[in-house]
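The values are calculated or read from the model by the stated rules, or taken from the named source; none is laboratory data. For clarity, every value in this text was computed on a predicted model and none was experimentally measured. FYI the Cβ positions are ideal-geometry reconstructions off the backbone, even for glycines, and counts take in every protein chain you see.
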Amino acid sequence: MTEASGALVLFSGGQDSTACLAWALDRHARVETVGFDYGQRHGVEMQARQVVRAAITARFPQWADRLGEDHVIDIRGFGAVADTALTSERAFELSEKGLPNTYVPGRNLVFLTYAAALADRRGLAALVGGMCETDFSGYPDCRREAIDALEAALNLGMAQTFTIETPLMRLTKADTWALAKGLGGEALVAITVEDSHTCYRGERDARHPWGYGCGICPACELRARGWEGWVAQGRPALRP
Ligand code: ZN
């Protein structure tokens, strides 16, 4: 191992970042997590982070030894600037660019820049994020091209050799369920269903086969569609 090793996972407590956390625990000897408080409308996401971490620690002893500190960074100033459906009570709708108004301009760039500063301080070499350009809404900062450019900028600007790892980049939402099964079997699928939180509305009253949520917001729709696709394929396991 080189001087800096280990990974910092951008961990929101959702389905995608739960898969990313397992992926990182599978390949890195030391893993820490970071979450961002940007004034989300609901505290549900922040609670889900701790529940998922605890469930993984309890169920996977080999990963528990590798899972280190959790960090939460307050970036509510950014949330105020970006002001969209995620942080205010506006209705869900499409903007003139065809992006859902849950899109927060440059959010991943901001997350990764904060994460890089933290990783520098923590001596962690890899940043792991759930950015995916396959079947989401084409958020421009989810594209690998944008991530590559940021990786170069961070390394130049911080005199570092970070790698930004995006294990979900080319996966469909059905593949992400298959990846969870490949990494942690049905136990990790169960943790993802029961404990991870994706719903934009913060609802956890209704339990669907794919987990808790309102069932109608774009995040729930996407998660449900991915689940149904995976089940239709016979619940395959995908090894990274
Ligand atoms: Zn929902």
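Listed here are the residues, each with its yes/no results for (1) basic (Lys, Arg); (2) within 16 Å of the ligand (Cβ to nearest atom); (3) farther than 18 Å from Gly14 by Cα.
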position: Leu150; (1), (2), (3): no, no, yes
position: Ala153; (1), (2), (3): no, no, yes
position: Ala178; (1), (2), (3): no, no, no
position: Ala190; (1), (2), (3): no, no, no
position: Cys199; (1), (2), (3): no, yes, no
position: Pro236; (1), (2), (3): no, no, yes
Residues of region 91-131 satisfying the condition of being modelled with pLDDT of 90 or more and part of a loop (DSSP other than H, G, I, E, B):
Gly123, Leu124, Ala125, Gly129, Gly130, Met131
Every pair of residues 6+ apart whose Cβ atoms lie under 8 Å, when the first sits in region 194-218 and is within 24 Å of Arg235 (Cβ to Cβ) and of a type in the set (S, T, N, Q) while the second is assigned to a loop (DSSP other than H, G, I, E, B) and more than 10 Å from the ligand (Cβ to nearest atom):
Ser196/Gly13; Ser196/Gly14; Thr198/Gly14
State the number of residues belonging to region 38-65 that are of a type outside the set (Val, Ile, Thr), surrounded by fewer than 19 Cβ atoms within 10 Å (Cβ to Cβ) and more than 27 Å from Cys214 (Cβ to Cβ).
6
Output the residues belonging to region 137-148 that are in contact with a helix residue (DSSP H, G or I) (Cβ under 9 Å, 6 or more places away or on another chain), surrounded by fewer than 21 Cβ atoms within 10 Å (Cβ to Cβ) and assigned to a helix (DSSP H, G or I).
Pro140, Asp141, Ala146
Those residues of region 165-178 which are buried (at least 22 other Cβ atoms within 10 Å of the Cβ) and hydrophobic (A, V, I, L, M, F, W, C), in sequence order
Leu168, Leu171, Trp177, Ala178
Are any of the residues in region 201-224 over 14 Å from Asp16 (Cβ atoms), more than 13 Å from the ligand (Cβ to nearest atom) and part of a loop (DSSP other than H, G, I, E, B)?
yes
Here the residues within region 225-240 that are in a helix (DSSP H, G or I) and surrounded by 13 or more Cβ atoms within 10 Å (Cβ to Cβ) are Arg225, Gly226, Trp227, Glu228, Gly229, Trp230, Val231
Give all pairs with beta carbons closer than 7 Å in which a residue from region 60-78 that is in contact (Cβ under 8 Å) with a residue 24 or more places away in the chain meets a residue that is of a type in the set (Gly, Ala, Ser) and not in a helix (DSSP H, G or I); count only pairs at least 6 apart in sequence or on separate chains.
Arg66/Ala29; Val72/Gly35; Arg76/Gly39
Would a scan of region 62-76 turn up a residue that is part of a helix (DSSP H, G or I), of a type outside the set (A, V, I, L, M, F, W, C) and at pLDDT below 95?
yes
With Thr134, Thr176 as the choices, which residue is touching a residue at least 24 places away in the same chain (Cβ under 8 Å), in a helix (DSSP H, G or I) and either in contact with a helix residue (DSSP H, G or I) (Cβ under 6 Å, 6 or more places away or on another chain) or farther than 23 Å from Glu69 by Cβ (or both)?
Thr176
Consider Ala19 carefully, then state whether it is farther than 18 Å from Leu127 by Cα and under 14 Å from the mean Cα position of the chain (by Cα).
no
